[in-house]
Structure formats: structure tokens, C-alpha cells
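Down below is the structure, laid out as C-alpha cells.
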Amino acid sequence: MSQNNWRVLPQPSEKTVRQLTTKLNIDQLTATVVAQKGFITPETAFKYLQPSIDQLHDPMLLHDMDKVYDRLTEAAFGGEKIVVYGDYDLDGMTSTAVMVEALEVLGADVTAYLPNRFNDGYGPNIAVYKRLIAEGAQIIVTVDNGVSGNEAVAYAMNQGVDVIITDHHEMPPVLPDAFAIVHPRHPDGHYPFGDLSGVGVAFKVAQALLTEGQPITDKSELPTEMLDLVALGEIADMVSLTDENRTMVSWGLKQINDSPRPGLAALLKNAGQVANQPIISETVSFKIAPRLNAVGRLGDAQLALDLLLSQDPDEGVAMASQVEAINAERQEIVKEVFGAAKQIALSDKHANDQVLVVAGDNWHQGILGIVASRLVELLHKPVIVLSLIDGSYKGSGRTYNQFDLYALMGQYRDLYETFGGHASALGLAISPKNLTALREQLSVLPTLEVPESSLVVNMMLPVSQMAISVYDGLTLLEPFGTDNAQPTFGVTEPTIEKAVTMGSTKQHLKLTLTNHVEAVGFNHPDWTAIVAHPTNVSFVATMGLNYFRGKKSLQLLLADVSMPQVVENTAHKKFFGQVYKFIYAHQDLNFAQNLDKIAKQLHITKHDLNVMVQVFIELGFVQVIDGGFVKIIPNAPQKALTTSKTYHKFLANR
């Protein structure tokens with residue numbers, strides 16, 4: 001991104017900052033960021049910084065909550081068999097855990113069912129409903145799903161089984177004819193906050209059940225033991241961390257820090273979390289959520305649910321080990337599928353697509369959302385990734401910026417076998433014939449109004465003013481996430497004492513700055529050119545802490561980098577292209593044994609030939625095997641020569 005796209009926020013008045021620092025006993029920089037978030041009086045800023053019980057809404061304000069309270073209380077006391085029907089992502093797992101725990105407190109006969117992504121699909125499945133009812137289910141409570149399950153819900157209701165839907169996803173034009181629908185944005189409801197996640201809605205039901213539907217005035221009256229689950233699900237589902245979500249997530253994170261469930265403690269240990277390292281929203285996003293979501297992505301999510309519900313430390317350790325192995329497998333699959341999808345996405349055929357639809361055969365269905373997100377990052381446009389499985393294309397879509405992808409794709413509902421989601425993410429299934437029709441429809445779309453991308457910068461700040469104490473002040477603003485962004489700081493041309501690449505394919509960057517401050521950037525091979533030219537570089541970053549060998553140090557996480565443009569030399573590009581063609585045609589030739597001959601044939605020096613092969617190795621185009629044979633790597637993703645550290649050294653010696 002160009003530095004022209006950095007949007008530095010206006011700085012609040014000195015009077016406002018002085019009032020906040022004096023009244024709230026916070027430092028000047030923290031006060032500045034608080035004011036930039038719109039909290040310019042000590043009273044509003046205090047409410048923002050100190051979540052309280054007053055910020056929670058009465059669950060009885062939710063649509064149909066009175067019916068749900070009466071029916072579930074009656075069922076619990078009457079011994080009716082209740083099935084909680086969840087979902088296979090972390091919001092769905094935590095929603096299920098909250099609902100099960102709440103009903104168990106009431107003494108209910110309750111079991112959980114998490115649909116299998118591959119066998120059952122998302123949401124109410126009529127075949128599963130038939131089986132559950134045959135096994136004796138008298139009430140089905142959906143969590144984090146249900147509003148699109150008209151057929152299955154109608155079947156259950158006709159069988160005399162009451163279906164209670166609790167959901168937060170976008171509502172279709174026609175809602176199921178369920179016993180009750182609890183949804184924060186129900187058209188007939190008047191709930192004051194519409195952005196609860198699935199676990200947020202489940203918690204409001206739990207609150208109503210365990211407080212007998214009465215208003216509360218103190219935190220101790222809440223089922224606080226479930227707030228850790230709320231924090232996990234809401235952060236993972238990226239709902240707005242404002243209003244009552246901020247309160248619940250703040251308290252939930254504190255609970256995880258103070259007394260984590262055994263399975264979570266073991267999971268965090270496996271993820272490299274050290275004893276004195278605080279658990280913040282970032283911990284959930286990068287350590288907990290990917291691991292637990294991996295279970296539902298690759299197979300049956302029941303393992304993850306069991307880990308969350310278990311109170312046995314030994315059991316927790318064993319299950320966390322299983323989760324770690326599944327996550328490692330997930331990472332390998334993502335790497336493979338992303339490489340193949342990227343090759344298609346970058347082809348000329350899709351160059352002008354406004355909404356990119358990439359389809360492959362037998363790509364692992366569970367990781368298509370991750371691949372879509374990475375392609376969005378790369379291409380800056382909405383992306384849908386599909387895989388042909390058993391004669392049908394199934395997959396996920398992710399949007400770019402604030403564009404409402406769900407609304408756009410919802411226009412073609414008649415083409416889909418299944419469809420659901422919300423503004424920024426969706427899932428669908430479609431036949432091969434209808435996929436062709438969908439592509440045709442998308443190809444004739446008028447120009448989409450996708451909001452311009454810009455990077456918000458709180459302020460420009462020299463490295464000399466960055467310290468652990470500054471970071472500590474900013475932690476008062478946690479939890480960070482949607483609608484409560486982590487502060488970002490611009491740094492103009494700092495002195496870079498050292499620049500190195502990291503990672504197996506050298507796709508990560510680490511800069512050592514003055515004042516013993518490090519800055520790291522992940523999955524940006526385009527930034528690694530800095531290693532060869534570490535001058536005149538500016539960047540935007542967030543502040544964090546690095547824990548290593550019992551010590552903590554300030555570490556900046558790069559959000560964007562602005563550096564002098566290194567132009568790919570056309571003559572060099574042609575030169576490298578000729579060498580690549582030679583390698584392609586002579587993969588049976590041992591380069592190590594024939595270096596002199598090959599260099600003479602190509603009219604270059606042995607040194608240059610060695611360097612060029614090294615560039616190709618760095619870029620992932622070739623590999624050297626069996627003591628000197630240079631082999632082409634099939635389907636290697638395209639990369640510019642300028643992303644290679646060795647190429648820059650090659651240029652520097654010209």
C-alpha cells in the first residue's frame with residue numbers, strides 16, 4: 001500500500017487530552033487514542049475503559065425470550081429430552097457449551113449435537129433431525145444457526161418437537177415456523193444491540209434461565225463461569241467489540257487469565273504461551289481460535305467441544321495434544337490448496353473479475369474459507385473458493401473492505417443448493433451447471449462500489465518514544481477487535497540497524513531498530529526487499545510484547561510498509577527467463593557436475609548462474625535434488641524477481 005493511503009487521524013485538542021489524563025489517571029498517548037475513538041469526556045471515557053453491569057441489556061428484551069424461558073424451564077423440570085444443535089466453528093462450539101452448561105445447572109436432560117461439516121453441512125439438516133427425533137428428542141435448541149433451516153424445522157414441528165432457534169446470522173426473507181426465534185435483529189424485536197454472536201445470544205438465554213428472567217444489578221448474579229466461552233466465540237466470529245460485547249469479552253478474558261479451563265490451559269501451553277504472558281484478544285485470534293476451528297474444519301468438532309467442557313486436567317492435556325496434531329495437518333492442507341487456488345486466481349482468465357470465483361476438484365472443503373481470506377488479502381477483491389465434491393461445488397466466500405458480499409450473492413439464490421452467511425462471509429453449494437450460469441451473471445455486473453482501502457493511523461511516532469510502559473498504557477483499551485481497533489502508529493524512515501528474513505520460504509521480515517525495538521512482518525515476501533536496501537523505509541505498526549526466555553521486550557507488528565520502489569529490470573527479467581527455460585528443458589542434467597559447460601552455453605559466468613539458480617530456489621520455482629539436479633516445482637505461485645533477497649544482491653553487484 002502506498003503511503004498516500006495512510007489516513008492519519010486528527011489529533012484531539014490539548015484541553016481534551018489534559019482532562020482525560022487528569023481525571024482518569026492515564027498517560028497522554030493513551031488519552032489521545034481514547035479521544036480519537038470518540039470518548040472525549042471523562043464520563044464517557046470511564047465507561048469505555050471500565051466495563052460494568054450497567055452496560056448489559058435485559059435478555060427478556062430479545063424477541064420470543066419469554067416463550068423460550070417458559071418452555072425450557074418447563075422442559076428442564078419435567079425431564080424432557082433436550083438436544084442442543086450447534087455448529088462446527090468456534091462460535092458454534094462455545095454457543096453449544098454455554099447452552100448445555102446452563103441447562104445442566106437447571107437439571108435438564110440435555111445432550112449436544114455438532115453437525116459434521118462434510119456429512120451434515122451447516123445448519124438444520126432434515127436427515128439429522130429425523131434421527132434425533134427417532135432417538136427421543138422432544139425439544140431441539142439451535143445455537144449459532146437455524147434461521148435458514150425452514151425444511152428441517154417444519155419437519156420437527158410437525159412431529160410435535162418444539163424447535164427453539166437462537167441465531168445471529170443474516171435472516172432470509174422467510175423465517176422458519178419454529179416454536180421461538182431468538183435473534184438480536186429479529187424484525188419484530190426491539191433489542192437495543194444487534195451484533196451479538198451466536199455465543200452472545202446463547203449467553204443471553206443462559207442469563208435469562210439462571211436469573212429467572214429477572215433484572216440484575218450486580219455481576220455476581222450473572223453465570224460468570226461461562227463468560228470465558230463468550231469471549232472465545234465473540235472474538236473468533238469478529239463481531240463488534242462495543243456495547244455489551246465489550247463488557248462480556250473483557251470479563252471473559254479476565255476469567256481465562258485467572259482460571260482457565262483445563263483444556264484451554266493445555267492448548268495454550270502447546271501454542272507456546274508462557275506463564276507470565278497475558279491472554280488478550282490477540283491470543284484468542286492467533287493461538288486458540290485457529291486450533292479449535294481446525295478440528296471442525298478437518299473432521300468432527302466434538303473433540304473441541306469436549307475439550308471446552310472438560311474439567312479433568314489429564315483429559316484436557318490429552319485432547320489438547322490431539323487438537324495440536326489436527327492443526328498441524330490443517331496448516332499443510334491450507335498451504336497446498338492456497339498454492340493451487342492462487343495459480344488460478346492470478347491467471348489472465350480472471351484478471352478482470354470483480355468477484356473472483358475460484359473452483360477446484362477435491363480441495364479440502366474445511367479450509368476453503370481460509371484460502372478465500374488469503375486471496376482477498378492478495379487481490380483486494382471479494383473471493384469465493386469452491387471445491388467439486390460428489391458432483392456439487394461447495395465452498396466459502398469472503399468480502400473485501402466493507403462490501404456486502406452476502407447481499408450481492410443473495411440475488412442469485414435460485415441457483416444455489418444451499419446459501420447462508422452475513423455481509424463479510426458466506427457459504428454456498430451449487431451444481432456445476434448453475435456455477436456456469438453464476439459466472440455469466442457475475443461477468444455482466446455493473447461496476448461494483450467497493451469502498452477504497454485505507455489504513456487508519458492514530459499518529460506518527462518516533463521509535464524513541466516507544467517503550468513497554470507506552471504499550472502497558474494502551475492495554476487499558478483492550479479487548480481489541482472489530483470496531484475497537486488496536487492503535488496503529490506511523491514511523492518515518494527510522495534507522496534500521498539490521499534486517500533479516502524469517503520462515504521456511506523467507507516470507508517473513510524482522511527489523512532491528514534503535515532503542516532495542518524489533519519490528520516483524522509476516523507473510524509479506526514483497527517486504528523482504530528491505531533486507532538488501534534497508535534505507536528510506538517508513539511503516540505503520542501496532543505495539544505488542546515478545547516473550548523470550550523469561551524476558552519480555554517491545555515488539556512492533558508491521559501493518560504496512562512504504563519503501564523505495566525497486567523496478568524489475570526488463571533485460572534482467574528476460575535474462576532470468578532464458579535460464580529458467582534452459583532448466584525446464586534439462587531437468588535430467590546434473591548442474592553441479594556441468595556448471596562450466598552450462599555457463600558457457602548460456603554465455604554467463606558460473607557465479608551468475610549460481611546466483612540465478614539461488615533466486616529461483618528462494619522464489620520457490622525450483623529445487624536441487626540428488627546432488628545437483630535442478631528440478632522445476634510444478635504449479636509454483638508467481639512471484640516477482642524483486643521479492644528475492646538474492647536478486648537484490650545480484651542487482652547491487654551489477
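The values are calculated or read from the model by the stated rules, or taken from the named source; none is laboratory data. These numbers come from a predicted model, not from an experiment. Cβ coordinates were reconstructed from backbone atoms using ideal geometry, including for glycine residues, and neighbour counts include every protein chain displayed.
For this structure, a couple of remarks:
- Single match in 540, 500, 491, 444 (criterion: free of Cβ contacts under 8 Å to residues at least 40 places away in the same chain, more than 30 Å from residue 352 (Cβ to Cβ) and of a type outside the set (Lys, Arg)): 500
- Flag if residue 320 is in a helix (DSSP H, G or I) and without any contact (Cβ under 8 Å) to a residue 12 or more places away in the chain: no
- Within the stretch 225-237, tally of residues that are surrounded by 15 or more Cβ atoms within 10 Å (Cβ to Cβ), not hydrophobic (A, V, I, L, M, F, W, C) and not in a loop (DSSP other than H, G, I, E, B): 3
- Elements of type helices (runs of 4 or more DSSP H) in the stretch 570-626, at least 3 residues being within 39 Å of the chain's Cα centre (by Cα) and not assigned by TED's automatic domain parsing to the domain that holds residue 506: 570-585, 606-618
- Yes/no for residue 263 being more than 17 Å from the chain's Cα centre (by Cα) and within 17 Å of residue 311 (Cα to Cα): yes
- Tallying residues that are assigned to a helix (DSSP H, G or I), in contact (Cβ under 8 Å) with a residue 40 or more places away in the chain and more than 13 Å from residue 57 (Cβ to Cβ) within the stretch 206-224 yields 4.
- Of all the residues in the stretch 19-48, those that are under 27 Å from the mean Cα position of the chain (by Cα) and surrounded by fewer than 16 Cβ atoms within 10 Å (Cβ to Cβ) number 1.
- Checked across the stretch 496-511, the condition of being among the aliphatic types (A, V, I, L, M), buried (at least 16 other Cβ atoms within 10 Å of the Cβ), touching a helix residue (DSSP H, G or I) at 6+ places or on another chain (Cβ under 6 Å) and not in a strand (DSSP E or B) holds for no residue.
- Filter result (within 22 Å of residue 204 (Cα to Cα) and without any contact (Cβ under 8 Å) to a residue 12 or more places away in the chain) within the stretch 34-78: 47, 50, 54, 70, 74
- Failed criterion for residue 475 (all others in (1) surrounded by 18 or more Cβ atoms within 10 Å (Cβ to Cβ); (2) within 22 Å of the chain's Cα centre (by Cα); (3) under 29 Å from residue 196 (Cβ atoms); (4) not basic (Lys, Arg) hold): (1)
- Residue 389 of a type in the set (Val, Ile, Thr) and either under 22 Å from the mean Cα position of the chain (by Cα) or over 22 Å from residue 118 (Cα atoms) (or both): no
- Filtering the stretch 592-616 to residues that are touching a Leu at 6+ places or on another chain (Cβ under 6 Å) and of a type in the set (A, V, I, L, M, F, W, C) leaves only 599.
- When residues of the stretch 310-349 are limited to those that are under 30 Å from residue 447 (Cβ atoms) and surrounded by 15 or more Cβ atoms within 10 Å (Cβ to Cβ), the one modelled with the lowest pLDDT: 346
- Filter result for the condition that a residue is touching a residue at least 12 places away in the same chain (Cβ under 8 Å), out of contact with any Gly (no Cβ under 9 Å at 6 or more places or on another chain), buried (at least 16 other Cβ atoms within 10 Å of the Cβ) and more than 30 Å from residue 44 (Cα to Cα), over 291, 261: 291
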